[in-house]
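What follows is a short report on a single structure.
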Amino acid sequence: MSWRPGAAGSSITAKVSKIVPDPTAELDDTAGVLQLNNTSRASERSEGDNVIELTLPATPTHLGTARTLAAELATRLDFNLDEVDDLRMAVDEACATLVNLSIPSSMLSCVFTISETHLVVETRVTAAGDKQPAQDTFGWQVLMTLVDEVDAVLERSGGHGGSGLHRVGIRLSKKRTGAVSDR
């Protein structure tokens, strides 16, 4: 079965945001900049960081969208060709790992936080039980090789009516070669 625009469960959304220090500050609507709603880890972001949130069905069919966006953003940040390819493969591996853990109707959330020196990608899905990405697999070793930092995330939640559903994720961070950071 191939994907068709408008097919059931084929919704893809993207939101571009910029951290704004003052909620009453003026926003440049013509550039597609929106104020970031309060999301998890917003406190870890710095003023001036750009945030792109991509939400798509957690199916293998849609992984290319996240992979392509990662490569495009890394290219725009002047990552070298090897770094672009490393990030593209890492996002693909992280998303594929999470798709395998997700419940059938889950949406894959990819939040790309862009700073002058780093690209951080936070991926999340809804999963049943306490499944967390296994850190003793070949895929995890690949992730650790491709990016500077990788973390597994398990957000236990009673918000799903006690159904045992939780948000699981993988957080990737890649620093541009030659970039000087004070973080």
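The figures follow:
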quantity	calculated
Rel. contact order, % - alpha carbon contacts under 8 angstrom, at least six apart, the stretch 51-175	26
Sorted by Cβ neighbour density within 10 Å, fewest at the top, the residues 153, 111	153, 111
Restricting the stretch 78-148 to chymotrypsin sites (Phe, Trp or Tyr not before Pro) in coil, as DSSP defines it, with at most 16 other Cβ within 10 Å	none
Kirkwood-Stokes translational diffusion coefficient of the stretch 51-175, alpha-carbon pairs, 20 °C, 1.002 mPa s, µm²/s	148
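Taken together, the values in this text are just the output of simple stated rules run on the coordinates, not laboratory data. As the structure is a computational prediction, the values presented were derived from the model and not from experiment. Using ideal geometry, Cβ is built from the backbone for each residue, glycine included, and neighbour counts are taken over all protein chains shown.
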